[in-house]
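The values are calculated or read from the model by the stated rules, or taken from the named source; none is laboratory data. As the structure is a prediction and not an experimental result, all values here were calculated from the model. Cβ atoms come from the backbone with ideal geometry, glycine included; neighbour counts cover every protein chain shown.
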């Protein structure tokens, strides 16, 4: 089946630093999604990308849909303590309900 | 506008038992998907319901079944529980169509002993 490889698995950074994480797949997706999950909560959608090559920002977050449609990256600029959490990428082909998730990047921000 | 809610929050069951988990969709949403999230992993798609019919299924055995009701709320039933069924079960609701995004509930933590 489809699998997403998300890296890095974890990151420890200082407050104020920029962060970059990415996701690659062996399959093509029509939509790439980035979520953040806090302890005891469900994933919250950060950014949705619908077109190959698309670059989209949401505040300090920027994500890109790779040209090959098999990868995506997420950047967080000027990190703050509340950025701590697990970030998941997800790919979707046609069915809006069925997303394939990566295994997450755990972000720790040291004040 | 109320968000997605799930009940119960936590549940402990014994191997071989059956369990029912519940989900109330976000107001106006007609599509519900269920995901299983094992510790340290991303959510895995179980199935989706639209207009009370199963509308897509992931790689889960038939002992995982579901229902969607006319008010779009939903249930996930798991029979003959196994230890590996221990996980966070997430419900997500959306409008039908690929352009509409899903909103996740907080999940139900199931422990099978």
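Step by step: first the residues of segment B:24-45, then only those that are surrounded by 15 or more Cβ atoms within 10 Å (Cβ to Cβ) and free of Cβ contacts under 8 Å to residues at least 40 places away in the same chain, then the one that is farthest from residue A:87 (Cα to Cα). Which residue is that?
Filtering segment B:24-45 for residues that are surrounded by 15 or more Cβ atoms within 10 Å (Cβ to Cβ) and free of Cβ contacts under 8 Å to residues at least 40 places away in the same chain, the one farthest from residue A:87 (Cα to Cα) comes out as B:45.
Output the residue which, of all residues in segment A:77-98 that are outside any strand (DSSP E or B) and within 7 Å of chain B (Cβ to nearest Cβ), is surrounded by the fewest Cβ atoms within 10 Å (Cβ to Cβ).
Once the filter is applied, the top-ranked residue is A:94.
Being surrounded by 15 or more Cβ atoms within 10 Å (Cβ to Cβ) and more than 14 Å from chain A (Cβ to nearest Cβ) is the filter here; which residues of segment B:80-113 pass it?
Scanning segment B:80-113 gives B:81, B:85, B:86, B:110, B:112.
In the list A:74, A:45, A:107, which residue meets the criterion of being in a strand (DSSP E or B) and closer than 21 Å to residue B:91 by Cβ?
Only one candidate qualifies: A:45.
So is residue B:3 assigned to a strand (DSSP E or B), within 14 Å of chain A (Cβ to nearest Cβ) and touching a strand residue (DSSP E or B) at 6+ places or on another chain (Cβ under 8 Å) or not?
In short, no.
Please enumerate the residues belonging to segment B:19-59 that are part of a loop (DSSP other than H, G, I, E, B) and in contact with a strand residue (DSSP E or B) (Cβ under 7 Å, 6 or more places away or on another chain).
B:25, B:26, B:29, B:30, B:38, B:42, B:43, B:52, B:58
Which condition breaks for residue B:81 when tested against (1) at pLDDT below 95; (2) assigned to a loop (DSSP other than H, G, I, E, B); (3) over 23 Å from residue A:5 (Cα atoms)?
Answer for residue B:81: the failing condition is (1).
Out of everything in segment A:7-26 that is in a loop (DSSP other than H, G, I, E, B) and more than 14 Å from chain B (Cβ to nearest Cβ), what residue ends up being nearest to residue A:103 (Cα to Cα)?
Looking at residues that are in a loop (DSSP other than H, G, I, E, B) and more than 14 Å from chain B (Cβ to nearest Cβ), I get A:8.
Where residues in segment A:57-71 are within 14 Å of residue A:44 (Cβ to Cβ) and in a strand (DSSP E or B), which of them is farthest from the other protein chains (Cβ to nearest Cβ)?
Filtering segment A:57-71 for residues that are within 14 Å of residue A:44 (Cβ to Cβ) and in a strand (DSSP E or B), the one farthest from the other protein chains (Cβ to nearest Cβ) comes out as A:61.
With respect to residue B:75, is the statement that it is within 14 Å of another protein chain (Cβ to nearest Cβ) and surrounded by fewer than 20 Cβ atoms within 10 Å (Cβ to Cβ) true?
No, not satisfied.
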